[in-house]
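The structure follows.
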Amino acid sequence: MQKVLGWFCVIGGLLWGIKPLYDALVNGRRLNQGYIPSDPTDYISFIFPLLCISGLLVIYKLYKSAVKGSVIILIVSIVLSAAFSFFEIYFYGSGLPFGLIFLFTGTISMTIGSLYLYLQLKKAMATRDILSLTSLVLFIDNLLIIVLGFLSEVLPKEINDPLMLILMIFVGFIWAVFGFWTLKLDKHYTVKKSNNFKDSHQS
């Protein structure tokens, strides 16, 4: 089951990262500008982030209370990101500031949660710290998105828009990498538990 959850996270992260690139190259859209839904992927894009929750469930299953706080914050951040995609499409034209309500708060939550997860995993995982480093990269990426958002009035659009697009693409891809390493972690723990079981019976 853990491998299935890990692969859900990989697939969700890849689709999450590809979506803004697809919109820019195929649909000619500018990032986070609001648009009339016209592409089939628009109606299902909110599912992509939600799939990444499965990777967090794997981490929680392995480490329990050691990562509970950060996992909860990151799940909230993912739900907020998914809600932004959902309301932008299904409530288009309502005039509500979905970017501020969902996208900004989701980015803030993901920044806090990823840093918190990095610290918790670094403490819990000892020598195996690939996932903690991935969490740190996720923190840096989201922090840069926030900084770039505040600089949008200063930087020219020719610089700001491509940088923001790259950072938003990386968010999804980082989650895909996160899911990939949960698969490796699952294998590592399976081998470790099997060896412990054999050792206990041999003794």
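Write down the accessible area per residue of the chain in Å², having rolled a 1.4 Å probe over the full set of protein chains.
Using a 1.4 Å probe on heavy atoms only, each residue of the chain averages 54 Å².
Using the crude model of +1 on Lys and Arg Cβ and -1 on Asp and Glu Cβ, and no other charge, please compute the dipole size for the range 63-143 relative to its Cα centre, in debye to 20.
Dipole about the Cα centre, nearest 20: 420 debye.
What value, in deg cm²/dmol to 500, does the helix sum -39500 (n - 2.57) over DSSP H runs of n ≥ 4 give at 222 nm once divided by the residues of the chain?
-26000 deg cm²/dmol
Follow-up question, since we're still on this one. Normalised by the number of residues in the chain, what is the relative contact order in percent for Cα pairs under 8 Å and 6+ residues apart?
Relative contact order comes out at 33 percent.
With a 1.4 Å probe and all protein chains left in place, how much of the accessible area of the range 1-138 comes from carbon and sulfur atoms, in whole percent?
72
Quick one: helix 105-125 against the long Cα principal axis of the chain, what's the angle to the nearest 10°, folded into 0 to 90?
The answer is roughly 20 degrees.
Also, I was wondering about something else. For the range 29-159, with the dipole built from +1 on Lys and Arg beta-carbon atoms and -1 on Asp and Glu ones, taken about the Cα centre, which of S114, L62, T134 lies farthest toward the positive end?
Ranked along the dipole, the leading option is L62.
Can I ask one more? What whole number of Å gives the distance from the Cα centroid of the range 1-65 to the Cα centroid of the range 139-190?
13
Just to be sure I follow the definition: excluding the sites themselves, where is the longest run in the chain that has none of the chymotrypsin sites (Phe, Trp or Tyr not before Pro) in a DSSP loop with at most 16 other Cβ atoms within 10 Å?
93-203
Is the shape of the range 47-158 rounded, prolate or oblate, going by the alpha carbon gyration tensor and its root eigenvalues a ≥ b ≥ c, with a/c under 1.5 for rounded and a/b larger than b/c for prolate?
It is oblate, given that a/c is not under 1.5 and a/b is not larger than b/c.
Starting from the Cα coordinates of the range 11-104, work out the convex hull volume and express it per residue in Å³.
Convex hull of Cα atoms, per residue: 91 Å³.
Using alpha carbons only, how many degrees (0 to 90, rounded to 10) separate the axis of helix 68-90 from the longest principal axis of the chain?
Taking Cα atoms only, the helix is inclined about 30 degrees.
Report the charge-dipole magnitude of the range 24-176 in Debye, nearest 20, computed about the Cα centre from +1 at each Lys and Arg Cβ and -1 at each Asp and Glu Cβ.
The calculation lands at about 680 debye.
So how much accessible area does I159 have, in Å² to the nearest 10, using a 1.4 Å probe?
80
Return the label of the correct value of Rg/Rh (Cα atoms, Kirkwood Rh), as calculated from the structure shown, out of (1) 1.04; (2) 1.27; (3) 0.96.
It is the value labelled (1).
The values are calculated or read from the model by the stated rules, or taken from the named source; none is laboratory data. Because the structure is a prediction, the values reported are computed rather than measured. Counting neighbours? That spans all protein chains shown, and the Cβs are built from the backbone with ideal geometry, glycine included. Just the protein is used for accessible areas: all its heavy atoms, side chains included, with ligands, DNA and RNA removed. Shrake-Rupley method; radii C 1.70, N 1.55, O 1.52, S 1.80 Å.
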